[in-house]
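Quick notes on the structure that follows.
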């Protein structure tokens, strides 16, 4: 589908938040949607939504959540079949149509299913809550997003998404607060390599990132 407008993105985010609150599932939105919503950066467009959920004692993982959403909120959620796998989707009613709906793909992750990604552990991640359409919506903090974007631009270097990551970093770095755990790179060699790689592409942002990120190997701080 086409990129979501700011109003559509707010509708999808608030609808997902309302459903997850109803199911008592903790979560945080990430990716391009989080950049747009948290920083009010309407230039950052996206056609889908990525989020992380916390698995509790009920054992509702990302895969199981698809069934829970469709079963509990059938008028708001459906599925998209992709390579034999059912991906959850939000049923977005088009503004200019008479009840016509578009399925907005949801990419859902959890730490239990992806244990090699400790950044998905919501208990150790910094988040912020914003109000959208009267609904509280949880998104990862600018510090968390900055760290992840620095990693992803390194891992996806040269791709279209990698270029988008670099653009995101130039905006996120304005808002990230120094001193947060996510921005201490000293003990992580991959983060150090990712930062070094980014500064080769955008040396003009070195001073700004030095104020935000603790990295003795590069900044001597």
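For segment 61-115, the mean projected area of the C-alpha convex hull, equal to one quarter of the hull surface, is 4.4 nm².
Working note: Cα atoms of the chain, range along each principal axis, descending, whole Å: 56, 41, 36. From largest to smallest, the equivalent ellipsoid semi-axes obtained for segment 143-219 from the alpha-carbon gyration tensor read 17, 13, 11 Å.
For the chain, the longest principal axis of the C-alpha atoms and the axis of helix 6-22 are separated by about 70°.
By DSSP, the beta bridges lying fully in the chain are antiparallel in about 75 percent of cases. Look at 18, 58 and count the other Cβ atoms within 10 Å of each Cβ; fewest to most, that gives 58, 18. Summary value for the chain: 17 percent relative contact order, contacts being C-alpha pairs under 8 angstrom separated by 6+ residues. Between 75, 129, 61, the residue with the greatest mean-square fluctuation in the GNM of the chain (Cα pairs under 10 Å linked by springs) is 75. Computed from the C-alpha gyration tensor, the three semi-axes of the ellipsoid equivalent to segment 63-168 are 27, 18, 18 Å, from longest to shortest.
Legend: ranking of residues 66, 42 from fewest to most surrounding C-beta atoms inside 10 Å; resulting order 42, 66.
Principal-axis analysis of the Cα atoms of the chain puts helix 189-201 at an angle of about 80° to the longest axis. Can you tell me the 0 to 90 degree angle between the C-alpha axis of helix 142-155 and the longest principal axis of the chain, rounded to 10? With rounding to tens, the tilt is 80 degrees.
Values quoted throughout were computed directly from the atomic coordinates according to the rules given, and no laboratory measurement underlies them. These numbers were taken from a predicted model, which means no experiment stands behind them. Cβ atoms come from the backbone with ideal geometry, glycine included; neighbour counts cover every protein chain shown.
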